[in-house]
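For reference, the structure discussed in these notes is given below.
Please treat every number below as a calculation from the coordinates, not as lab data. Fair warning: this is a prediction, and the values are worked out from it, not measured in the lab. So basically every Cβ, Gly included, is an ideal-geometry build from the backbone, and we count neighbours across all protein chains shown.
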Amino acid sequence: MDGSNSSHHVPRGYRHGGRSAEGNPSNRFERLRLVDDESNDPQQEIESPRPTPTEFLRDDTKSILVENNSPDVPFRWSLNPYRGCEHGCAYCYARPTHEYLGFGAGVDFESKILVKEGVAELLRAELARPYWCGETITLSGVTDCYQPAERRFRLTRMCLEVMYEARQPVGIVTKNALVLRDLDLLAPMAALRLVHVNVSVTTLDAELARTMEPRTSTPEARLRTITELAAAGVPVRVLVAPIIPGLNDHQIADILRAVSGAGARAAGYVLLRLPLSVEPVFRDWLARHWPEKQSRVEALVRQTRAGRLNDSTFGARMRGTGQYAEQIAKSFAVFAKKFGLDRPLPALDSTQFRRPRQACGQLSLF
């Protein structure tokens with residue numbers, strides 16, 4: 001990449017074709033938008049489909065650690081090497097973040113990937129600051145740090161190298177088997193109680209996964225990933241995220257049985273969230289791929305969201321409310337306990353933290 005507007009075609013070996021979104025909903029920050037004359041709801045407009053190559057754009061951000069203060073999120077600090085995500089999950093709650101960049105939350109989010117090339121150096125500088133004391137950092141928290149772009153740019157690996165050097169605890173969230181590439185780092189970090197890996201498993205149905213999460217690892221590959229991580233001593237938690245009423249909620253028991261057998265130690269879930277521009281992208285995807293289920297899915301979602309399709313209230317947005325949401329919660333708790341997944345992972349150890357060397361190789365004087 002030789003400039004902020006430079007782009008690259010997808011390298012050989014990348015998966016072409018499937019995208020969850022066929023276009024972009026209207027960007028809420030843009031004053032002008034293209035409206036189809038036949039559309040009755042310009043706010044929900046999805047452009048007509050067209051082939052869309054993946055572009056990688058330089059992100060020259062000067063800060064890398066993001067502090068979270070949401071009571072619904074179980075971590076304080078996160079680090080995201082990429083903005084946008086090639087995985088293209090139809091339900092991804094992070095889609096609206098692309099609108100802050102002037103892009104769309106639909107196909108733009110899946111195809112315009114911002115790459116933070118200097119992320120490892122920025123992380124090294126943050127960990128060397130006098131105030132930093134080794135508090136756990138989550139990779140990624142917003143977009144997947146092991147999305148296909150990581151094969152090429154290796155930013156997540158470079159961050160892990162800095163973290164291992166500094167004995168910095170890290171929690172990883174991914175749905176991509178590419179995490180196994182870094183077992184040579186993850187295994188020794190796990191032996192020092194410095195890493196957990198959270199693997200997202202939303203379905204065991206290969207067809208549903210292929211349409212809903214078109215560029216992620218298959219369910220079979222994710223189970224294999226859990227097995228290999230566990231065999232290497234890396235603690236694994238499975239996230240059934242999201243649970244979509246009427247689409248994958250009936251698979252809770254089967255998923256938990258399968259991931260327990262693969263070696264996962266814990267499990268959690270998040271109910272489907274449809275904030276802002278996620279709603280039109282998801283509904284459009286549902287109408288195209290599962291039209292026979294659309295009305296039932298949307299009706300059940302409303303039952304968990306007080307008659308709406310989304311509720312952003314803290315305390316309710318991750319779990320929902322109402323009888324159907326309570327049934328999901330109880331079912332998950334029963335099967336998590338049955339399969340030994342209702343216990344927390346071993347605590348990470350921040351007492352080993354040591355400031356990393358400066359990029360020039362010089363030790364800090366303080």
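A few points about this structure:
- Each Lys and Arg Cβ is given +1 and each Asp and Glu Cβ -1; about its Cα centre, the stretch 56-338 then shows a dipole of about 460 debye.
- For the stretch 248-303, the Cα gyration tensor yields ellipsoid semi-axes of 27, 13, 11 Å (square root of five times each eigenvalue, largest first, whole Å).
- Evaluating 6.51 cos²θ - 1.76 cosθ + 1.60 at θ = phi - 60° for every residue in the stretch 139-146, the Karplus couplings come out as 10, 10, x, 10, 10, 6, 6, 10 Hz, glycine and proline recorded as x.
- Subset of 62/112; 112/330; 175/337; 175/293 violating a 28 Å alpha-carbon distance limit: 112/330
- Debye log10 I(q)/I(0) for the stretch 56-338, one point scatterer per Cα, at q = 0.16 Å⁻¹: -1.37
- Cα→Cβ-extended label distance, 7 Å offset, between residue 232 and residue 292, nm: 4.1
- Per residue, the chain reaches -9000 deg cm²/dmol at 222 nm when only DSSP H runs of four or more residues are counted, each adding -39500 (n - 2.57).
- Screening the chain for whole DSSP H helices of 20 Å or more along their axis (Cα) with average Kyte-Doolittle hydropathy at least 1.0 returns none.
- Rounded to 5, percent antiparallel among DSSP beta bridges of the stretch 56-338: 20
- Mean Cβ neighbour count within 10 Å, used as a protection proxy, ranking 286-294, 121-129 highest first: 121-129, 286-294
- Result for the chain in a Gaussian network model with C-alpha springs under 10 Å: among 338, 116, 62, the largest mean-square fluctuation is at 62.
- Relative packing of 134-146, 311-323, which averages over residues the other C-beta atoms within 10 Å, highest first: 134-146, 311-323
- Each of 158, 323, 65 was scored by the projection of its Cα onto the charge dipole of the stretch 56-338, and the greatest displacement toward the positive side belongs to 323; charges sit on the C-beta of Lys, Arg, Asp and Glu.
- Convex hull volume of the stretch 89-132 per residue (C-alpha atoms, cubic angstrom): 112
- Largest first, the extents of the alpha carbon coordinates of the stretch 272-355 on the three principal axes equal 52, 37, 26 Å.
- Electrostatic bookkeeping for residue 65 treats Lys and Arg as +1 and Asp and Glu as -1; over the other residues with beta carbon under 14 Å from its beta carbon, the sum is +1.
- Sorting the Cα pairs of the stretch 166-236 by distance into bins of 10 Å, from 0 upward, gives 21, 49, 23, 7, 0 percent per bin.
- Couplings 3J(HN,Hα) of the stretch 128-135, computed from phi: 8, 5, x, 7, 6, 10, x, 5 Hz, in residue order, whole Hz [Karplus 6.51 cos²θ - 1.76 cosθ + 1.60, θ = phi - 60°; x for Gly and Pro].
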